[in-house]
Amino acid sequence: KPPRTERRDFRSRIRALLTGFGFTETVNYSFAASRSVDLLQLRPKDRRRQAVALLNPLTEEQSVMRTTLASGLLETVRRNLSRQMRDLKIFEIGKTFIDNGEGRQPEETEILAGVQTGRRFPLAWHTEDASCDFYDIKGAVEGLLEGFSVGDFGFTRLPDDACDYLRPGHSARVLAGGEAIGVVGKIHPDVCDAFDLVDGQVYVFELFFD
């Protein structure tokens, strides 16, 4: 892992790039509802179901440590949609926590994730009223990797049985140097329904920060 000061500078560069792409940073709690993994329809054997339970949670909605940033970002989208704010480009940098068993420290992983929904561009007289699509969120990932001079990145189809909360055929694995560093794709319609995302056109990327 890079030194702490280097990581801080790295975060600042990421924020500057994504802000330049029109994204806004959001910060969610590191706590989540235990049912969030069910809303995401994670497979029974998915490690992200191994959540660290809190001994004295304040509410049921904050009863476990989060194992993914996706659920928090989708909740943020839901709240904004309920306020008629339908054009969103948001991102978050944060840690996830996987339970490694009693007496062992949880596995902490820093993730960069972003979500886009609504119109491709702000509505104006000289712009077309077009909705964003897979290629918009994929373009944001490409721009981010190009901004860090990653010259050997690419995308490969994500197998249907690995999509979980992403829609099969509308998702891809992100590669750099032949190594998988994340995913990008469209949120599955059933997951949109579970989170009450009425428009159902929500796109996400998730990248391993390290």
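Residues that are more than 11 Å from Tyr29 (Cα to Cα), touching a strand residue (DSSP E or B) at 6+ places or on another chain (Cβ under 6 Å) and open to solvent by 60 Å² or more (accessible area, probe 1.4 Å) within the stretch 53-101 comprise Ala53, Asp87, listed in sequence order. Taken together, the criteria place Leu18 among residues that are under 23 Å from Gly143 (Cα atoms) and either surrounded by 14 or more Cβ atoms within 10 Å (Cβ to Cβ) or not hydrophobic (A, V, I, L, M, F, W, C) (or both). Give me the pairs: first residue in the stretch 71-83 and in contact (Cβ under 8 Å) with a residue 40 or more places away in the chain, second residue among the charged types (D, E, K, R) and open to solvent by less than 10 Å² (accessible area, probe 1.4 Å), beta-carbon distance under 8 Å, and six or more apart or on different chains, which are they? So the pair list comes out as Gly72/Glu92; Leu73/Glu92. Flag: Arg66 matches the condition of being of a type in the set (Lys, Arg) and closer than 26 Å to Leu18 by Cβ.
Is one or more of the residues making up the stretch 41-62 in contact (Cβ under 8 Å) with a residue 60 or more places away in the chain, more than 14 Å from the chain's Cα centre (by Cα) and either closer than 20 Å to Gln201 by Cα or in a helix (DSSP H, G or I) (or both)? Checked against the condition, which is being in contact (Cβ under 8 Å) with a residue 60 or more places away in the chain, more than 14 Å from the chain's Cα centre (by Cα) and either closer than 20 Å to Gln201 by Cα or in a helix (DSSP H, G or I) (or both), the stretch 41-62 yields at least one hit. Being among the small types (Gly, Ala, Ser) and under 12 Å from the mean Cα position of the chain (by Cα) is the filter here, so list the residues in the stretch 63-107 that pass it. Within the stretch 63-107, Ala70, Ser71, Gly72, Gly94 meet the criteria.
Mind listing whichever residues of the stretch 158-178 are surrounded by fewer than 16 Cβ atoms within 10 Å (Cβ to Cβ) and within 19 Å of Leu145 (Cβ to Cβ)? Of everything in the stretch 158-178, those that are surrounded by fewer than 16 Cβ atoms within 10 Å (Cβ to Cβ) and within 19 Å of Leu145 (Cβ to Cβ) turn out to be Leu175, Gly177, Gly178. Residues in the stretch 23-34 that are modelled with pLDDT of 95 or more and of a type outside the set (A, V, I, L, M, F, W, C): Thr24, Glu25, Thr26.
The values are calculated or read from the model by the stated rules, or taken from the named source; none is laboratory data. Bear in mind the structure is a predicted one, so any value in this text is a computation, not a measurement. Cβ coordinates were reconstructed from backbone atoms using ideal geometry, including for glycine residues, and neighbour counts include every protein chain displayed. Accessible surface is based on the protein model in full, side chains and every heavy atom, while ligands, DNA and RNA are left aside. Shrake-Rupley method; radii C 1.70, N 1.55, O 1.52, S 1.80 Å.
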